[in-house]
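The values are calculated or read from the model by the stated rules, or taken from the named source; none is laboratory data. The structure presented is a predicted model; accordingly, all values stated were derived computationally and were not measured. For neighbour counting, all protein chains shown are included, and Cβ atoms are generated from backbone atoms with ideal geometry for every residue, glycine included. Remember, those area values only see protein heavy atoms, side chains included, never the ligands or the DNA or RNA. Shrake-Rupley method; radii C 1.70, N 1.55, O 1.52, S 1.80 Å.
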Amino acid sequence: AGLGLLAQRQLRRRRQIQCNSEAEIRAITKQTMDYLMNSAPEGSQMREAVTILDGFMNEYADSNIKANTPASKYKEIMSQSVRLMGEALAKGHQFDILHRAVREPFDYYRFGVEFFRPLLEMDNSKLLGRENLDKIVSYIDRGENVILLSNHQTEVDPQAIEILLEEADCDLASQLIFVAGHKVTTDPLAIPFSLGQNLLSIHSKKYIENPPEKKAEKQAHNTKTMKKMQGLLEEGGTFLWVAPSGGRDRPDPLTREFVVAPFDERSIQMFKLMAQKAEVSSGRKTHFFPMSMLTHELVPPPDGIKAGVGEKRSAKRGAACIWFGDEVTNDHSAGRSKEAQKMFYDNIMNQVIDKYDTLKNERSEQLKKMATQI
């Protein structure tokens, strides 16, 4: 009886702490957004950004409450976020073709990982294909290159990958270089998180003609990016993540289920040729692995494709699941025949779709089960 009474008291105490923490988190969020709104002149870029940020931060507060984030840690994160986003709005940042993560004096990588960690339901998230991840680690350790050909679902895919790699005790998380579109280096709300990533910036084919007068400039930028990437492959030990679709997956208009966007076959062939050239010139081999990601529950993209910056964002809590597929061999002996190119492309595409469908179906069953337990 005594132990039962003690347990009840401890439960009441935990609930009281959670209630206090929830109230503090909501108060911190309101104070922060009131401060930002009052600091943003009407009609300014900052006012537009703060308006977009308002809904995101209220959802972010809800996610932190569900994740049982201590109010003291939440306050620290909010304080850092206000400062960093304010700096990005005030002066932006000029990213190099190859941007290396800024780790000091302020660690932007750790900031981004810890900012988004509360959004992941770790009990429902998973990393599959560990045997392939072990191969990737061994290749990088030998000074060879690895290119991940992946679907892409959310702005926080880099942090989701890094969190799951860290949870799997994989040291490669901070070595990964993301081939990223222009939005993540120009949107003030994204810049603080982009500063913490290794990035090769490129203009997606979807946006290269928007606006038309910038097309030549964007093409020149992409040429420089490809040259830099070629140099990295020739140096060896390069770990790249690429989304050959050129953008994020979107939901099917009828079913509202997310569908893997088709990969651009010419982009994949370009990476193959670059890998072959690097091996001929430097002896550094490049390995290709398909990767499937189910991450759209975290900061999902808008339904439409928007070329400009400043899209609205959501910050709901959910699962993040990634799957490292089987290596697809870049067979030099097959040359550039259309048949060999199609086999390579189909192998990559089929693995990504098949493994994504498995992740999607497992998550769907998991959500159904969770709904019956409410």
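Observations, loosely collected:
- Taking every residue in the stretch 197-208 that is within 17 Å of P262 (Cβ to Cβ) and pairing it with any residue that is open to solvent by 10 Å² or more (accessible area, probe 1.4 Å) and part of a strand (DSSP E or B), at least 6 positions away or on another chain, yields no pair with a Cβ-Cβ distance below 6 Å.
Okay, residues lined up against (1) of a type in the set (D, E, K, R); (2) under 19 Å from the mean Cα position of the chain (by Cα); (3) modelled with pLDDT of 95 or more:
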site	(1), (2), (3)
P244	no, yes, yes
T255	no, no, no
V259	no, yes, yes
F271	no, no, yes
K277	yes, no, yes
V280	no, no, yes
F289	no, yes, yes
M293	no, yes, yes
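- Of note, R248 satisfies the criterion of being modelled with pLDDT under 95 and touching a His at 6+ places or on another chain (Cβ under 7 Å).
- Some residue of the stretch 68-84 being part of a loop (DSSP other than H, G, I, E, B) and open to solvent by 30 Å² or more (accessible area, probe 1.4 Å): yes
- Only residues that are farther than 14 Å from E121 by Cα and either under 22 Å from the mean Cα position of the chain (by Cα) or at pLDDT 90 or above (or both) were counted in the stretch 51-74, giving 14.
- Test: residue in the stretch 148-159 that is β-branched (V, I, T), touching a Leu at 6+ places or on another chain (Cβ under 6 Å), closer than 28 Å to R363 by Cα and buried (at least 18 other Cβ atoms within 10 Å of the Cβ): yes
- Residue in the stretch 201-224 that is surrounded by fewer than 21 Cβ atoms within 10 Å (Cβ to Cβ), within 15 Å of H99 (Cβ to Cβ) and touching a strand residue (DSSP E or B) at 6+ places or on another chain (Cβ under 6 Å) present: no
- The number of residues in the stretch 112-128 being open to solvent by 10 Å² or more (accessible area, probe 1.4 Å) and touching a residue at least 60 places away in the same chain (Cβ under 8 Å) comes to 8.
- Scanning the stretch 221-242 for residues that are closer than 28 Å to L294 by Cα, more than 19 Å from the chain's Cα centre (by Cα) and part of a loop (DSSP other than H, G, I, E, B) yields one hit, G237.
- Every residue from the stretch 339-374 that is among the aromatic types (F, W, Y) and either within 18 Å of F258 (Cβ to Cβ) or touching a Cys at 6+ places or on another chain (Cβ under 7 Å) (or both): Y356
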